[in-house]
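The structure appears right after this line, and notes come after that.
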Amino acid sequence: MDATEKRTAVAASGTGAVQEPFVNLRDPAKRLGPDGKPAVSRRAPIWVDVPDEKWNDWRWQLSNRINSLEEIGRVINLTDDEREGLSAPDKFRVDITPYFASLIDPDDPDDPIRLQVIPKGQELRAFTGMMEDSLAEDRHSPVPGLVHRYPDRVLMLVTTQCATYCRYCTRSRIVGDPSQNFNRAEHEAQLDYIRRTPQIRDVLISGGDGLTLAPKLLESVIRGLREIPHVEIVRIGSRVPVFLPQRVDDELCEMLAKYHPIWMNLHFNHPNEITPEVARAADRLNRAGIPLGNQSVLLAGVNDCVHIQRDLVHRLVENRIRPYYIYQCDLVEGAGHFRTPVGKGIEILEGLRGHTSGYAVPMYIVDAPGGGGKIPVMPNYLISYSDHKVVLRNYEGYITTYEEPTTYTPHDATKCRHCRTPRPEPGQEGVTGLLDGKRMWIEPAGFELTHARGNVEAHRLQDASKWVPYGVGAIEGQAGAPFPAIGEGAGTAEGAGGAGTAEEGGSPAAGAQVTGEPARAYGPGEEPRPPEGMPTGSAHGELL
């Protein structure tokens, strides 16, 4: 909103008061660029002259995807490994929207967006445990394109086409192949199976990517599902808002809103994918009443870092997208160089839980090889973990194994800007910080209450005895003025804010001795543990 619009809004209010309308600068969807217009992401030089009307047209983006060595070489400086991957005659399909290709750093071979969509020679090499259909979807398919693995829900594959193709795609056996696409007749066969199976209450539309379908065809599928009485929930799994946020226009949102309840899971793997265009697309979907979730895949070299994952989940929550799953990379052809040990995912979850909001912490999932379904990596489901194999059980008691990668190059923190400038967490360094002599808590400060009469009183938390967590990493120190030992001085607790005398029912002051030993000096947050048998402050209800 520019200055003229603000003045107009004030004049239109009719109140006569000179008051600036509130502009929420924290809302990512409202972010402005240097020119005062809605912010936009960078555009690669080869498309800089494309008119905005075309650039923002999702059909133009799909029609102008790049896929050949020559075209991609005009956008980024290719490595020998990428040239090998792009030249392979039997490679998995390559197609990248101009918008998404523009997000790649053309000179960085380790750019996280680049790694996800540019093929490498490495993906042509087999690895231990590799499978064509690692999730056994074909075995659970009663009609073409429909996967019925769980009792009350089905996966409906409506297309094999995507806006851009991920190099680790779990359905690379069919995705991207026009000869294996699904047509209206097959959509009707899928719908007919759902009609005749009343236990199905939840349908997930996927593919390929359903949002690449022609609008009328997509609506016919969703309307067909909504006409089935026992289908309660329709979900859409899509990466189109990541690859092609221009597709999320008013027409799409208005159509989807007619068929509620609809949910949508997106697929962001790195914070660099969350652009101003994505923020506006997510905002439109949220305003259409569609709850948004995110399903990431843990990928070596892309996001196998707790600092990257923390930045990602914070950006997602900021855009009202709930982090839902982090998937372990599947044992699928072409994905060998992306695989990490399961321990890496556990490490990342440990680094998120407690260090950020609970709703920003996703579940860590292994999609069981052989068709066991999604298994959370947690004690009830993780049976054993060796140096080469993880044994898990699913909700039915089905036992499966996940083959660990034989080679894995750990994340290089020296090259990662997220590791070099991590989010500060004073008092949250955990055991490592404790061993380094750091406190495991944050010292309260600045708690002053100013009353209407003008007097200022210290907040109760400024009395260290009220908040120091005795027995939880408490460390002894030398700072501060000494207190008299009980029996040697006044016996009061005046030095720490005053808890009264022991005889009056108060507890000994912070730093006061409870024996006849000489007084020791302790500063706030540097209290000794109470001697054996002595009550702590919490026993008297004095700690929060």
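List of remarks:
- For the condition over 17 Å from Asn269 (Cα atoms), part of a loop (DSSP other than H, G, I, E, B), without any contact (Cβ under 8 Å) to a residue 24 or more places away in the chain and not assigned by TED's automatic domain parsing to the domain that holds Val231, Asp108 qualifies.
- Under the condition of being in contact with a Cys (Cβ under 8 Å, 6 or more places away or on another chain) and of a type outside the set (D, E, K, R), the residues counted in the range 280-289 number 2.
- Residues satisfying the stated conditions in the range 120-145, i.e. in contact with a His (Cβ under 9 Å, 6 or more places away or on another chain) and among the hydrophobic types (A, V, I, L, M, F, W, C): Phe127
- With a requirement of 2 or more residues that are of a type in the set (A, V, I, L, M), the strands (runs of 3 or more DSSP E) lying completely within the range 285-389 that satisfy it span 292-298, 363-368, 382-385.
- Residue in the range 109-146 that is surrounded by the fewest Cβ atoms within 10 Å (Cβ to Cβ), counting only those that are acidic (Asp, Glu) and within 24 Å of the chain's Cα centre (by Cα): Asp110
- With respect to (1) modelled with pLDDT of 95 or more; (2) in contact with a Lys or Arg (Cβ under 7 Å, 6 or more places away or on another chain); (3) not in a loop (DSSP other than H, G, I, E, B), the lone exception for Pro119 is condition (3).
- If you go through the range 321-347 and keep only what is in contact with a Lys or Arg (Cβ under 9 Å, 6 or more places away or on another chain) and either free of Cβ contacts under 8 Å to residues at least 24 places away in the same chain or over 17 Å from Thr401 (Cα atoms) (or both), you end up with Ile321, Tyr325, Glu333, Gly334, Ala335, His337, Phe338.
- Residue match in the range 353-361 (condition: at pLDDT 95 or above and crowded, with 22+ Cβ neighbours inside 10 Å): no
- Scanning the range 241-274 for residues that are under 17 Å from the mean Cα position of the chain (by Cα) and aliphatic (A, V, I, L, M), we see that the one that is nearest to Val40 (Cα to Cα) is Ile274.
- Total residues in the range 199-216, condition assigned to a helix (DSSP H, G or I) and over 21 Å from Asn265 (Cβ atoms): 1
The values are calculated or read from the model by the stated rules, or taken from the named source; none is laboratory data. The model shown is predicted, which means the values in this text are computed figures rather than measured ones. So basically every Cβ, Gly included, is an ideal-geometry build from the backbone, and we count neighbours across all protein chains shown.
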